[in-house]
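Structure first, commentary second.
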Amino acid sequence: MARIAGVNIPTNKRVLISLRYIYGIGPSNAVDICKKLEIPDDRRVNQLSDDEVLRIRELIDRDYRVEGDLRREVAMNIKRLMDLGCYRGLRHRRGLPVHGQRTHTNARTRKGKAVAIAGKKKVTK
């Protein structure tokens with residue numbers, strides 16, 4: 001198993017797919033990395049030489065902000081919004097959707113499980 005940026009990437013998948021297991025590397029960054037290092041698209045991780053894995057590791061460390069550093073930066077940005085007291089910060093603080101989504105009926109992922117209101121009866125027609 002190849003270990004890049006503190007993440008064990010799967011060995012039997014293609015390099016383009018395996019690199020996406022690293023937080024901060026998505027489809028376009030994975031393609032860029034493979035092009036810069038001239039790794040073919042159909043190459044699998046278990047077919048990579050130790051030198052190629054080392055080159056991938058060095059390129060990611062040098063040019064990309066991934067894993068712990070990126071998570072810390074995102075957390076600091078959210079904390080800054082909350083400290084400012086701006087609308088987006090208040091939404092983060094309350095655990096509600098931040099980008100203007102509807103909350104009257106949806107947003108269960110963000111709000112958590114629905115809680116029944118005591119004493120409220122269903123209306124029958």
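The values are calculated or read from the model by the stated rules, or taken from the named source; none is laboratory data. Note that the structure is a prediction, hence the values are computed from the model and not measured. Here the Cβ is made from the backbone with ideal geometry for all residues, glycine too, and neighbour counts use every protein chain on show. Keep in mind that these areas ignore ligands, DNA and RNA; they rest on the heavy atoms of the full protein, side chains included. Shrake-Rupley method; radii C 1.70, N 1.55, O 1.52, S 1.80 Å.
Of note:
- In the chain, helices alone account for a calculated mean residue ellipticity at 222 nm of -13500 deg cm²/dmol, with every DSSP H run of four or more residues adding -39,500 (n - 2.57).
- Listed peptides 22-31, 35-44 by packing density, highest first (mean Cβ within 10 Å): 22-31, 35-44
- Protection proxy ranking of 98-105, 50-57 - average other beta-carbon atoms within 10 Å, highest first: 50-57, 98-105
- Accessible carbon and sulfur surface of the chain relative to its total accessible area, %, 1.4 Å: 50 percent
- Summing +1 for each Lys or Arg and -1 for each Asp or Glu among the other residues whose beta-carbon sits under 14 angstrom from that of residue 1 gives +3.
- Counting Lys and Arg as +1 and Asp and Glu as -1 over every other residue whose Cβ lies under 15 Å from the Cβ of residue 41, the net charge comes to +3.
- Think of a 1.4 Å ball rolled over the protein heavy atoms: the chain then has 74 Å² of accessible area per residue.
- Placing unit charges on the Cβ atoms of the charged side chains and taking the dipole of the chain about its Cα centre, the candidate lying farthest along the positive direction among 64, 9, 100 is 100.
- Region 1-80 - Debye-derived log10 I(q)/I(0), Cα point model, q = 0.21, 0.27 Å⁻¹: -0.90, -1.44
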